[in-house]
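A.B. asks: Starting off with a structure, shown below.
Values in this text are rule-based calculations from the coordinates and carry no lab data. None of the values given here were measured: they were computed from a predicted structure. Here the Cβ is made from the backbone with ideal geometry for all residues, glycine too, and neighbour counts use every protein chain on show.
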Amino acid sequence: MSTDFSIIGKPTAMVDAAEKTTGAGKYTDDLSVPGMLVGKILHSPYPHGRIKSIDGSRAEKLDGVVAVVVGKDAPKTYGILPVGHDEYPLALDKARYVGDNVACVVATSEAIAEKALELINVEYEVLPAYFDPEESMKAQSNLIHDNKPNNIEKDYHHVFGDPEKGFAEAEAIAEARFIANEVTHAAMEPHSTLASFEIDPHTGKPGRLTVWSSTQVPYYLQHKLSLVLEMPMAQIRVIKPLVGGGFGGKSEVIPLEIIAAVAARKAQAPVKITYTREEVFWAHRGRPRTIVDLKTGVTKDGRITAVKARVVQDGGGYCSYGVVTILYSGALLGALYDIPNIQYDGYRVLTNKPACGAMRGHGTVNVRFAFESQLDELAGKVGMDPAEIRQRNLLQPPCITVNGLRVQSYGLPECIEKTVDRSGWKQRKGKLPKGRGLGIACSHYVSGAANSIIRSDMPHSTVNIKIDRDGGVVVYTGASEIGQGSDTMTAQIAAEVLGCTLSRVRVVAADTDLTPIDIGSYSSRVTFMAGNATLRAAEEVKKLIAAAAAKKMGCSSDALAFANDAVSIKAGPDGRERPSPHSLSSSSASVSGRVEGQILRGSLQQKRKDEGPKDSMTFEEAVVAAIDFHGALTGTGSYAPPIEARGGKHKGAGVGPSPAYSYSAQVAEVSVDEETGEVTVHKVWAAHDCGRALNPVSVEGQIIGSVWMGMGQALTEEMVWKDGMLMNPGLLEYRSPSSVESPEIEPIIVESVDPEGPFGAKECSEGSLAATIPAIANAIYDAVGVRLHEAPFTPERVLAALRAKRKAKSLNLTEGIDPTSPERFREHGGSLWYKGKGPHRHALDPSRQQSPSAPGGAD
Amino acid sequence: MKKELIELSVNGRSHEVAIEPSTLLLDVLRQNLQLTGSKRACDDSSCGACTVLIDGVAMMSCTLLAASCEGQEITTIEGVSEHGSLAAIQKAYGDWGGAQCGYCTPGFIMTVKSLLAENPDPTEDDIRNALSSNLCRCTGYNQMYEAIRSAIKAELAGIAATR
């Protein structure tokens, strides 16, 4: 850990911690403005249907209803990707999933709005629907989007090196299908948007729009609003209040954000819409169910010779981030290990379910589950320890991978070493009691994408700093704090550069009127990119202060040190640091700035009395001098990724490249109950190379949080569908782990000090998630000798695998009922009652009376 | 439904509110009293983000009818800080990373208050079990345990200092 910084590297409470722990901080649903109305959305009950007519007249007549909004009120498409503008805020021609947004009622209360929803008459022409991606890919008619033949949103086919030759050289090959089921972010704060137009007093028409929204991407929201509402962006102000978690679920524009603005325009009044938890599940934009057919070859020394991956993603009804997701699945096969030959075939398929988007770790997670599991299998085949096989395949940075990714700082070797050491891997593996095992896996992630969604060379982050005579440092940053600590990171970097206390820094963030563009909190880009912009802005304003202080103290700018809230001449020739009479006794960051503020004010009044050359000035004196000499003290810093980091030129090469990658190595210790199939994770040791831990408390929190979320996906979380209907749209049914289901997680910070990161920092919030799933899978194998190929590893799946291992007779629930009934539960999207096939219904079951094709044979 | 007048005692203060009988306590707190610290995060009383203390006992305000709370002492997150400064548990949550996005934090703090009032020296398991009524998606709970231990130490030190 670093010791020569004052604020960087010290455990720091978040600058907004008090707002959160007192409940004083405002999230979007906590806000209200005078005259505010409530909006409620009507959703489609059908997975696929043409909208023939919508009649809202009965709803409009209900007392308290101000407006009924439909697709025709905003017939402009949008989407998060330039190639994916396939969504209307309210469906215009078709509904493409159960839960799709069809109409919106604006009323004086939630109760009235809900009642009014029932009075809206929508006539649908129900269309055949697609639920299984491999079936959907064969579609010839009733396409979900007419311009996407075979319901394929996008497909990519990449060959790097010579995979055929690589497999020929391999001395051990493994090939298997892996399935990772659908998961969602389930952030604790449901999506919420408050939209308010200023009404022009002369014309009575809506003028400037202000939108408060729970978003990770205020600038993208501003942009999409301007597209759909057909207003200039400068007439739209987007403000991000406190956000209660995102994880990618708020990293694109969610329908309700635009619906609220359209509703406010039609109702001529401010409108707030907050999703129910059920609606949050339907809004989704989570991680798609993914089928990975993976083949890997290694030499008998464990060196990987080739990898072939075919990935099919069940993308849901709209494009969303889909093109990026399917590209990440292939791209980040590289930059972790040294793989010389890669063949990748990726298919992003449309289905009639809520759209999938970006979720922590994005498209890399499900492929990493497959790869790390398969690598373990190959380790077994060549008789090598799983930790060692990973150490045999390390990259030698700085380098560019076969698929065009530039790698510089690479802490993976240290991560593997440390996690192996802390977990007692060498001493304990193979020696644990029956049913208990250890598993290891690695993963990595980008510190921001080197190529932004907006196709241009513009900076990805710009930060402004203003310092005035009050000595306060105000940082204006577009970076969106979503709980990951970006406001604190911003303040820490500014304070470290300027040598002032943290309490002096005030962060104004994510308000499109005040703060310059930052493209958003996704791809774990904020510390690296907005952090660098902050650093540059602080350096710029520091130069002005240094010049003025130098003038006052009769020395050169280079001779000055900024630390402890003072500007002093650096140590003399005897090397000893001259103690500044003005420095505060403690340089550690404080949660409450009250005490220090009083001391500062006292010393400020003192200092005005004595002028004249000296070897040190307080921060305020230097600031005052700088303003006297230069005028206003402002600084701007921007960051755009360097061209060398932006990757190759092949189709789809834009996704994957990053200025820096984080690395993770984890060991999981599990127990498997062979009677019940229940898996218990006892502990996970997670080493994460974050470049430099700017705030160790936050870094550890992010590592723990991502490992925990990976564990959720590994063991319990799964969206369960029946004929396009989500069966578990609630936090308990979705099985988000509570404290009693959550293991101890030991985070191990590794610092490789990236050459381009701010103070060497890289990301620490996404890179760890992907390794947890295979670490648990590999630990299950170590514990009970079964290799699980489908996540989550529910008791049912574990028992089925144990049975198969014992070659026990598999239970066939439909044996003897109907020979044409589905053999696998997942066929036809999981419905056992598809086309009337499936187990017997009771003779008196009403549905049996109605349906012409009775299940099973004759009564 | 016609509104009726009820009197609620919240954080030591008395409030007269006109509500429909079916109104939930959470909505009275958030909308009528502008005490937005208690949150709604689910539809089915499964997450604990709305946790308040009713006569010192942690309960979910989304499943309580406001009218049924007349005559009881309601404590919300807004009533936890003492004399304008952070209670030990609030400071500890901030210092130890117990709060990331902060949305679940008010609910957790009320649950912890209730736990420590009943059991001032809980074991690891006691804490884990007590916290199981609140869901968090950010922290994985680990740093919350550290925060709680630190708060207990601080409280004991504070009590010792006054002796």
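A.B. asks: Need one value for A:8-14: mean number of C-beta atoms belonging to other chains within 10 Å of its residues' C-beta atoms.
C.D. replies: The shielding value for this peptide is 3.
A.B. asks: Which of the listed residues, B:Leu115, B:Cys101, B:Cys136, is farthest toward the dipole's positive end in segment B:88-161, when Lys, Arg count +1 and Asp, Glu count -1 at the beta-carbon?
C.D. replies: B:Cys101
A.B. asks: What nm distance separates the two modelled labels at A:Arg803 and B:Glu82, each placed 7 Å from Cα along Cα→Cβ?
C.D. replies: A separation of 5.9 nm, rounded to one decimal place.
A.B. asks: Mean residue ellipticity at 222 nm from the helices of chain A, using -39,500 (n - 2.57) per DSSP H segment of n ≥ 4 over the full residue count, to the nearest 500 deg cm²/dmol?
C.D. replies: Counting only the DSSP helices, I get -8000 deg cm²/dmol.
A.B. asks: Now a separate question. For the pair B:Ser22 and A:Lys138, how long in nm is the line joining their label points, each one 7 Å along Cα→Cβ?
C.D. replies: Each label point is offset 7 Å from its Cα along the Cβ direction, giving 4.9 nm.
A.B. asks: For each pair in A:Lys683/A:Lys805; A:Lys165/A:Lys295; A:Lys250/B:Lys113; A:Lys10/B:Lys39; B:Lys113/B:Lys153; A:Lys165/A:Lys805, compute the distance between the two Cα atoms and list the pairs where it is over 22 Å. Write down the numbers at each step before the final one.
C.D. replies: Details: A:Lys683/A:Lys805 26 Å; A:Lys165/A:Lys295 14 Å; A:Lys250/B:Lys113 32 Å; A:Lys10/B:Lys39 32 Å; B:Lys113/B:Lys153 14 Å; A:Lys165/A:Lys805 34 Å.
With Cα atoms farther than 22 Å apart: A:Lys683/A:Lys805; A:Lys250/B:Lys113; A:Lys10/B:Lys39; A:Lys165/A:Lys805.
A.B. asks: Which whole-number percent gives the relative contact order of segment A:1-117, counting Cα pairs below 8 Å spaced six or more residues apart?
C.D. replies: 33
A.B. asks: Treat every Asp and Glu Cβ in chain A as -1 and every Lys and Arg Cβ as +1, leave all other atoms uncharged, and give the resulting dipole magnitude about the Cα centre to the nearest 20 debye.
C.D. replies: The calculated dipole for chain A is roughly 400 debye.
A.B. asks: Let me ask you something else. As a footprinting exposure proxy, order A:Val298, A:Val38 by other Cβ within 10 Å, with the fewest listed first.
C.D. replies: Details: A:Val298 26, A:Val38 21.
Exposure proxy ranking, most exposed first: A:Val38, A:Val298.
A.B. asks: Also, I was wondering about something else. Testing the spin-label approximation: label points 7 Å from Cα along Cα→Cβ at A:Lys722 and A:Glu169. State their distance in nm.
C.D. replies: Output for this residue pair reads 5.3 nm.
A.B. asks: Order of A:Arg525, A:Arg208 from fewest to most other C-beta atoms within 10 Å?
C.D. replies: Values: A:Arg525 27, A:Arg208 15.
Lowest to highest Cβ neighbour count: A:Arg208, A:Arg525.
A.B. asks: Could you name the aspartates and glutamates whose alpha carbon sits less than 14 Å from that of A:Lys651, not counting residues in the same chain fewer than 8 places away?
C.D. replies: A:Asp155, A:Asp345
A.B. asks: Let me ask something additional. Quick check: residue separation of A:Asp457 and A:Val402 times 0.36 nm, minus the Cα distance between them. What number comes out in nm?
C.D. replies: Residue separation times 0.36 nm, minus the Cα-Cα distance, leaves 17.3 nm.
A.B. asks: To the nearest 0.05, what FRET efficiency results for A:Asp55 and A:Lys26 with a Förster distance of 41 Å applied to their C-beta separation?
C.D. replies: Efficiency for this residue pair is about 0.60.
A.B. asks: Right, something else. Could you work out the relative contact order of segment B:88-161? I mean the mean sequence separation of Cα pairs under 8 Å and 6+ apart, divided by the number of residues, in percent.
C.D. replies: Across segment B:88-161, relative contact order equals 52 percent.
A.B. asks: If you place +1 on the Cβ of every Lys and Arg and -1 on the Cβ of every Asp and Glu, how big does the dipole about the Cα centre of segment A:690-755 come out, in debye to the nearest 20?
C.D. replies: That gives segment A:690-755 a dipole magnitude of about 120 debye.
A.B. asks: To continue, here is another question. Which lysines have a Cα lying under 16 Å from the Cα of A:Lys72, excluding residues fewer than 8 positions away in the same chain?
C.D. replies: Counting by Cα, and skipping residues close in sequence, A:Lys72 has these lysines nearby: A:Lys52, A:Lys94, A:Lys266.
A.B. asks: Just checking the output field for A:178-187: average partner chain Cβ neighbours within 10 Å of each residue's Cβ?
C.D. replies: Per residue, the average neighbour count from other chains is 1.
A.B. asks: What is the Cα radius of gyration of segment B:4-79 over 2.2 N^0.38 Å, N being its residue count? Walk me through the intermediate numbers first.
C.D. replies: Details: Rg = 11.0 Å, N = 76, 2.2 N^0.38 = 11.4 Å.
Dividing the Cα radius of gyration by 2.2 N^0.38 Å gives 0.97.
A.B. asks: Kindly point out, ordered by number, any Cys in chain A whose beta-carbon has no other cysteine beta-carbon under 4.7 Å away.
C.D. replies: For chain A, the answer is A:Cys104, A:Cys319, A:Cys356, A:Cys399, A:Cys415, A:Cys442, A:Cys500, A:Cys555, because their Cβ atoms have no other cysteine Cβ under 4.7 Å.
A.B. asks: What's the FRET efficiency of B:Thr63 with A:Thr77 using the Cβ-Cβ distance as r and R₀ = 41 Å, to the nearest 0.05?
C.D. replies: 0.50
A.B. asks: Work out, step by step, the length gained on full extension between B:Ala157 and B:Asn119: first 0.36 nm times the residue separation, then minus their alpha carbon distance; give nm to one decimal.
C.D. replies: On the way: separation 38, 0.36 × 38 = 13.68 nm, distance 1.69 nm.
Length gained, B:Ala157 through B:Asn119: 12.0 nm.
A.B. asks: I would also like to ask the following. If contacts are Cα pairs under 8 angstrom and at least 6 residues apart, what is the relative contact order of chain B in percent?
C.D. replies: Relative contact order of chain B: 23 percent.
A.B. asks: Further question on the same structure: Just from its helices, what would the mean residue ellipticity at 222 nm be for chain B, if runs of 4 or more DSSP H residues each count -39500 (n - 2.57) and the sum is divided by every residue, rounded to the nearest 500 deg cm²/dmol?
C.D. replies: Counting only the DSSP helices, I get -9500 deg cm²/dmol.
A.B. asks: Charges only on Cβ, +1 for Lys and Arg, -1 for Asp and Glu: so what's the dipole of segment B:88-161 about the Cα centre, in debye to the nearest 20?
C.D. replies: Charge dipole, segment B:88-161, about its Cα centre: 260 debye, nearest 20.
A.B. asks: Where a Cα-Cα gap under 21 Å defines reach, which lysines qualify for A:Lys551, not counting those fewer than 8 residues away within the same chain?
C.D. replies: A:Lys542, A:Lys543, A:Lys570, A:Lys607, A:Lys609, A:Lys614
A.B. asks: Mind checking B:83-92 for the average number of partner chain beta-carbons within 10 Å of each residue's beta-carbon?
C.D. replies: 3
A.B. asks: Here is a further query. Which value, in Å³ per residue, describes the convex hull spanned by the Cα atoms of the protein assembly as shown?
C.D. replies: 203
A.B. asks: How much length is gained if the chain between A:Lys614 and A:Phe5 is pulled fully straight, taking 0.36 nm per residue apart and subtracting their Cα-Cα distance, in nm to one decimal?
C.D. replies: My answer for the length gained is 216.8 nm.
A.B. asks: Quick check on my link table: of A:Lys138/A:Lys308; A:Lys300/A:Lys431; A:Lys40/A:Lys115; A:Lys466/B:Lys91, which ones sit more than 18 Å apart, alpha carbon to alpha carbon?
C.D. replies: A:Lys138/A:Lys308; A:Lys300/A:Lys431; A:Lys466/B:Lys91
A.B. asks: Between A:Glu675 and A:Glu125, what FRET efficiency comes out of the Förster formula 1/(1 + (r/R0)^6) with R0 = 60 Å and r the beta carbon distance, rounded to 0.05?
C.D. replies: After rounding, the FRET efficiency stands at 0.70.
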